[in-house]
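The values are calculated or read from the model by the stated rules, or taken from the named source; none is laboratory data. This is a predicted model, so every value here is computed, not measured. Here the Cβ positions follow ideal geometry from the backbone for every residue, glycine too, while neighbour counts run over all protein chains shown. Accessible surface is based on the protein model in full, side chains and every heavy atom, while ligands, DNA and RNA are left aside. Shrake-Rupley method; radii C 1.70, N 1.55, O 1.52, S 1.80 Å.
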Amino acid sequence: MLQFKKLLAFIFLISSFANAQYLVNATMTNTVDTDWVMLYRIEGTSQHFIQNTTIQKDTILIEGHKQEIGSFQFNLPASTKVGSYRINYRTKEAGFVDFIFNKENIRFTFHPDYPEQTVLFSESDENIVYRNYLTQISNEQQRLDSLQITAIRNPNFDLKTAYKKSLATINTIQSKYLDSTRNMYVKPFIKATLRANPPEIKTTVQDYMSNITSTFFDNMDFSNTALKNSSFLVDRITDYIFYINYSDDAEKQQKIYKNSVEKVFTKINDPIFKKDIIEFLIDQFEQNSNIKMVDHLFKNYFDKLPETLQNKKFKEEKLKLLATKIGRVAPNFSWTENGKKLELAKLNDAENYVLVFWSTSCSHCLKEIPVLHKFLQDKNNIKVVAFSLETNDFGWKNMKVNLPNWHHVLGLNKWENKIARTYNINATPTYFVLDANKKIIANPEELKELEAFIDKL
């Protein structure tokens with residue numbers, strides 16, 4: 001009998017473990033092209049794949065009209081980490097919903113084209129309270145901002161009382177939610193969301209913007225693990241650097257970027273998180289083709305990280321990708337021409353240069369290169385450096401005879417040619433326009449663009 005009771009207890013224990021899981025159920029109020037949904041755990045600037053599932057599609061009647069909907073479910077084991085998660089349902093464009101997981105079932109609906117505006121949680125205390133908070137605090141913040149903007153536009157309006165009343169409402173909402181979430185995972189998010197609104201209404205744009213920029217991070221704890229392992233701080237850093245601080249003057253904007261970046265890094269003490277943010281910002285400025293800020297970040301922040309945290313491969317790959325961007329000095333190379341050794345960097349026979357990577361085995365090149373030669377015949381201030389990517393020199397020797405007054409360079413091994421790889425050449429013809437100092441001033445994609453640029457020189 002004792003053995004039987006032990007067996008029953010063991011079976012019950014196994015059954016409990018088998019059922020110890022959490023469900024994430026979602027319904028899309030419209031369908032998407034894909035059938036797959038991916039679940040990721042967010043950790044700083046990274047996303048770690050957890051699992052995937054399929055979207056079940058169905059049609060329902062709404063007020064007599066057929067409406068396609070989609071639904072999906074994730075089964076999370078008991079060992080799933082508490083934290084911030086992301087469901088991604090599109091691969092080619094943005095399409096995701098973020099949520100907090102804290103050992104509870106989660107159920108929500110959303111429209112896939114407007115996820116942030118439409119997501120509605122019906123199960124999960126953490127997410128329901130956070131969405132309710134965001135709705136209430138954003139509505140009252142909009143009201144406060146509206147009063148502030150009106151006061152700036154109409155200095156004669158007396159809105160001080162209305163402003164203080166709205167500010168008091170915001171503070172009441174904040175206190176209520178901080179108190180009700182005292183033991184919840186979501187509390188640091190609520191604390192960090194509140195804007196540091198000034199106690200008195202501002203009457204000038206300068207004062208208003210100065211307050212926003214100087215207090216932007218005041219309520220954010222950059223040492224908090226929950227905030228670091230979510231998209232919260234990354235999103236706020238992005239807003240602060242790229243959207244809040246802006247100038248139409250390009251030179252002034254660069255200074256603003258540098259000051260904003262410096263402000264961000266005064267807030268971050270965790271070296272690993274700092275490293276992640278540095279690499280994230282380098283990626284962002286690279287996408288914006290802001291080479292100066294990429295160089296600034298490498299020199300003043302990345303290179304000053306502890307050696308053990310510096311991702312050398314990341315730096316090498318980024319610098320290689322940026323080596324031929326507009327504003328960079330074209331990577332140097334040498335060749336032999338008429339018995340003389342020449343270098344791109346030392347050429348001094350023109351005011352501008354067209355560096356073209358082409359090939360005799362490229363049909364587009366065979367059409368465009370002669371056209372380019374004819375177009376440049378009367379332009380004595382421009383010289384062409386024609387770098388031909390070939391498997392052998394036979395066709396090149398015959399073709400270059402018909403292209404006099406150009407510098408001709410033979411690049412054997414074609415796509416594997418070392419110089420071609422330095423210039424990230426993956427198609428021919430590829431054009432670069434250089435100034436007298438060999439700085440890249442244009443990278444036209446087509447011959448017509450090249451001709452139009454040259455005509456303006």
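General observations
- If you plug the beta carbon distance of LYS439 and ASP393 into 1/(1 + (r/R0)^6) with R0 = 30 Å, you get a FRET efficiency near 0.45.
- Here the chain has 50 percent of its accessible surface on carbon and sulfur atoms, given a 1.4 Å probe and all protein chains in place.
- From helices alone, the chain scores -13000 deg cm²/dmol at 222 nm; the rule is -39500 (n - 2.57) for each run of n ≥ 4 DSSP H residues, then divide by the residue total.
- Taking every Cα-Cα distance in segment 190-324 and sorting them into 5 Å bins starting at zero, the pair-distance distribution P(r) comes out as 2, 9, 19, 20, 19, 15, 9, 5, 2, 1, 0 percent.
- Per residue accessible area in Å² of segment 125-255, where ligands, DNA and RNA are left out and the probe is 1.4 Å: 55
- When each of LYS176/LYS275; LYS165/LYS202; LYS191/LYS304; LYS318/LYS414 is checked by Cα-Cα distance, pairs over 25 Å: LYS176/LYS275; LYS191/LYS304
- For ASN75 and SER175, the FRET efficiency from 1/(1 + (r/R0)^6), where r spans their Cβ atoms and R0 equals 56 Å, is about 0.90.
- Relative to the current alpha-carbon distance between ASN139 and ASN102, full extension at 0.36 nm per residue lengthens the span by 10.6 nm.
- Modelled label positions at GLU446 and GLU200, each set 7 Å beyond Cα in the direction of Cβ, lie 6.0 nm from each other.
- Residue order for GLU126, GLU337, GLU307 - accessible surface, 1.4 angstrom probe, largest first: GLU307, GLU337, GLU126
- Bridging of LYS340 to aspartates and glutamates at a Cα separation below 16 Å is possible for ASP349, once same-chain residues fewer than 8 apart are set aside.
- All lysines inside 19 Å of LYS325 as judged from Cα atoms, apart from same-chain residues fewer than 8 positions distant: LYS292, LYS299, LYS315, LYS418, LYS438, LYS439
- With 0.36 nm allotted per residue and the present C-alpha distance subtracted, the GLN253-ILE272 stretch has 4.0 nm of extension available.
- LEU305/LYS66 FRET efficiency (R0 45 Å; Cβ-Cβ; nearest 0.05): 0.20
- Spacing of the modelled spin labels on ARG182 and GLN56, each 7 Å from Cα toward Cβ, amounts to 4.2 nm.
- Simple rule: put +1 on each Lys or Arg Cβ and -1 on each Asp or Glu Cβ in the chain, find the dipole, and look at ILE278, ALA436, VAL234; the Cα lying farthest toward the positive end is ILE278.
- Separation of the LEU319 and THR213 label points, Cα + 7 Å toward Cβ, nm: 3.2
- Converting phi to 3J(HN,Hα) with the Karplus coefficients 6.51, -1.76 and 1.60 and the offset θ = phi - 60°, segment 315-330 yields 5, 4, 5, 5, 5, 5, 5, 8, 4, 10, 7, 4, x, 7, 6, 4 Hz in sequence order, with x at every glycine or proline.
- Since only VAL129, TYR85, SER71 are under comparison, the one whose Cα sits farthest along the positive direction of the charge dipole of segment 39-137, derived from C-beta charges on Lys, Arg, Asp and Glu, is TYR85.
- Summarising the amide proton neighbourhood of ARG328: residues at separation of 5 or more, or on other chains, whose placed amide H is nearer than 5 Å comprise ILE440.
- Ordered by solvent-accessible area of protein heavy atoms (1.4 Å probe), largest first, the residues LEU457, LEU281, LEU410 come out as LEU457, LEU410, LEU281.
- Dipole size of the chain about its Cα centre, with +1 on Lys/Arg Cβ and -1 on Asp/Glu Cβ: approximately 1040 debye, rounded to the nearest 20.
- Positive-end ranking of PHE99, ALA192, ASN311 along the dipole of the chain, with charges on Cβ about the Cα centre, is headed by ASN311.
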